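This report refers to the structure that appears directly beneath it.
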Amino acid sequence: MTPEIRAFEFALGLFSVLIGLAIADVAASLHRLMRAQPRVRWDPLALLSALFAMVITVGMWFDLWGIRNATSVRHFFQYLALVGGFFVLFLIAASSLPDEASEGVDLQAFYGRNRRYFWSLVTLFEIFYVAFGMHFLGSEIDRVPRVVLAMVLCQWAVLIVVPAVLMLVPSRTIHYAGLALLFATVSWHYALAVIA
């Protein structure tokens, strides 16, 4: 085992905790909602947002594998910035569904109240994500074919612009369209992702 892999395994520990907490929070919130099912007014938009939070959380686990050989991850301030990004990811997951459901909850009303907070966190996270993407892609950018680079830049634009729009615009139709675009973009990005 190389020193780089050992350092990556050490660094991965804290990221694993934050990813695990994010997934556990969504799962626990969904469990509480399902237990209170007779008193819950379900809303597909709220559930799709929670699913999106889960998808980007699992996606980050795949992205971590892609940076396992990057030496900059082992520097304190780069590591601290990554921890900050993962902390925002946890906040996204934690805010995707209500924490309490014992008294009953209207998920449509919850989504309406929570929309700005949730999508502002997603926007902030995607800014982190794009900044890290530029950092890790930086030395390789000259070798990336122009068409691939254009596709990556379009993807990054969608990942930042769409959540920002959803944060500002209350229209449920736009939210469904925005979520569809985000799911399509993330699916395209991770379609060939493999941990090997």
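Here are some notes:
- Residue that is modelled with the lowest pLDDT, among those in segment 78-106 that are in a loop (DSSP other than H, G, I, E, B) and either surrounded by 15 or more Cβ atoms within 10 Å (Cβ to Cβ) or over 20 Å from the mean Cα position of the chain (by Cα) (or both): SER102
- Looking across segment 176-196, the residues that are under 19 Å from LEU47 (Cβ atoms) and under 17 Å from the mean Cα position of the chain (by Cα) come down to GLY178, LEU179, ALA180, LEU181, LEU182, PHE183, ALA184, VAL186, SER187.
- Any hit, segment 13-33, residues being exposed (fewer than 13 other Cβ atoms within 10 Å of the Cβ), among the basic types (Lys, Arg) and at pLDDT below 95: no
- Filtered by the rule that a residue be farther than 24 Å from TRP119 by Cβ and in a helix (DSSP H, G or I), segment 21-63 gives HIS31, MET34, ARG35, GLN37, PRO38, ARG39.
- Residues of segment 39-58 satisfying the condition of being farther than 15 Å from LEU181 by Cα and aromatic (Phe, Trp, Tyr): TRP42
- Residue ID - surrounded by the most Cβ atoms within 10 Å (Cβ to Cβ), chosen from residues in segment 115-140 that are under 23 Å from SER96 (Cβ atoms) and touching a Ser or Thr at 6+ places or on another chain (Cβ under 8 Å): PHE118
- When residues of segment 128-156 are limited to those that are among the small types (Gly, Ala, Ser) and in contact with a helix residue (DSSP H, G or I) (Cβ under 9 Å, 6 or more places away or on another chain), the one modelled with the highest pLDDT: ALA131
- Neighbours by Cβ (under 6 Å, 6+ apart or cross-chain): first from segment 141-167, within 16 Å of TYR117 (Cα to Cα); second aromatic (Phe, Trp, Tyr): PRO163/TRP119; LEU166/TRP119; MET167/TRP119
- Just one residue in the set ALA109, ALA150, ALA131 is within 22 Å of LEU182 (Cβ to Cβ), of a type outside the set (S, T, N, Q), in a helix (DSSP H, G or I) and over 19 Å from the mean Cα position of the chain (by Cα); that residue is ALA150.
- Screening SER72 on (1) modelled with pLDDT under 85; (2) in contact with an Asp or Glu (Cβ under 8 Å, 6 or more places away or on another chain) shows it passes everything except condition (2).
The values are calculated or read from the model by the stated rules, or taken from the named source; none is laboratory data. Computed from a predicted model, the values in this text were never measured in an experiment. All Cβ positions, glycine included, derive from the backbone under ideal geometry; neighbour counts span all protein chains shown.
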